[in-house]
Each structure stands twice: as C-alpha cells, then as structure tokens.
Amino acid sequence: MPLPIQGPISSDVPVRTIERDELRRKVDANDPRFKLVMALGDWEFRTKHIPGSLHFKDASDMLSALRKDDEIVVYCTNPPCLASVAAYHRLVQEGYTNVRRYAGGIEDWESAGLPLGTGAA
C-alpha cells in the first residue's frame, strides 16, 4: 500500500521527536497553531485517531493546509511505521521548520488509555 503522504523515508536530517506526555499537554492546550497530523490512510483515520488530529489524502493537501510556522507533529501506528517518517521528511524538505514525530503513534497513545477519536476528519 502506498504511503498517503509521499516523502523520503531516510535523510541525513535527524528526525526530531516528541514524547506522549508532552504531546498530551499540547493536545489538551488546544492551541490553534499546533497541528497534529495522522499520516495513515483514510480508513485508518476513520477507525481511530488521536482527538484533534488532521488527516490529508495526499502531500499536496497537507502542504496547502499547513503554514510553514505552524508547530506540527506527525504520527502513524508505532515506531517502525514509516508513514510519519515520510511525512516528516516531506515537510522538512518543503521548508517547514517546527516539525516533530510522535514515534509511539496510535499504539502508544491507546496503550496509555488516552482517548481516541473515530470518524472522518
């Protein structure tokens, strides 16, 4: 299955990350400049996602919706999942400067008993 958001899955640029507790504080703060992006497909997003997450059908939609100065966190399923890595590198490649990856993804969030959203974006 192709990644919804095309981007390189490796780079010389190290991936900046965020841990669950900090992410939860950011989600709870409801700051309009904070953008949480689920980098998986539409079906996965409708099945479950972190509340407040955005979902884009492709990179073009993502790039047109996000501002270069937004604080952006991308995530997918778990640490080995490459969808968020591809989205991360694509954003950095396009000049976004405040991007991080929540490597634990939906599995880490759910295993901590944190709330999940369902349905379309």
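The values are calculated or read from the model by the stated rules, or taken from the named source; none is laboratory data. The structure displayed is predicted, hence computed values, not measured ones. Cβ: placed from backbone, ideal geometry, glycine included. Neighbour counts: every protein chain shown.
Considered as a group, the residues in segment 68-83 that are at pLDDT 95 or above, in contact with a Lys or Arg (Cβ under 8 Å, 6 or more places away or on another chain) and not β-branched (V, I, T) include one that is farthest from N30 (Cα to Cα), and that residue is Y75. Residues that are in contact with a helix residue (DSSP H, G or I) (Cβ under 7 Å, 6 or more places away or on another chain), in a strand (DSSP E or B) and aromatic (F, W, Y) do not occur anywhere in segment 54-61.
Applying a threshold of 7 Å to beta carbon distances and a minimum spacing of six or more residues, or different chains, the list of pairs starting in segment 73-86 at a residue that is farther than 13 Å from E107 by Cβ and part of a strand (DSSP E or B) and ending at one that is small (G, A, S) and modelled with pLDDT of 90 or more reads V74/A39; V74/S84; V74/A87.
Selection over segment 43-53 of residues that are out of contact with any Gly (no Cβ under 9 Å at 6 or more places or on another chain) and either touching a residue at least 40 places away in the same chain (Cβ under 8 Å) or surrounded by 14 or more Cβ atoms within 10 Å (Cβ to Cβ) (or both) gives a count of 2. The set of residues in segment 87-119 being within 25 Å of K68 (Cα to Cα) and exposed (fewer than 14 other Cβ atoms within 10 Å of the Cβ) consists of Q93, G95, T97.
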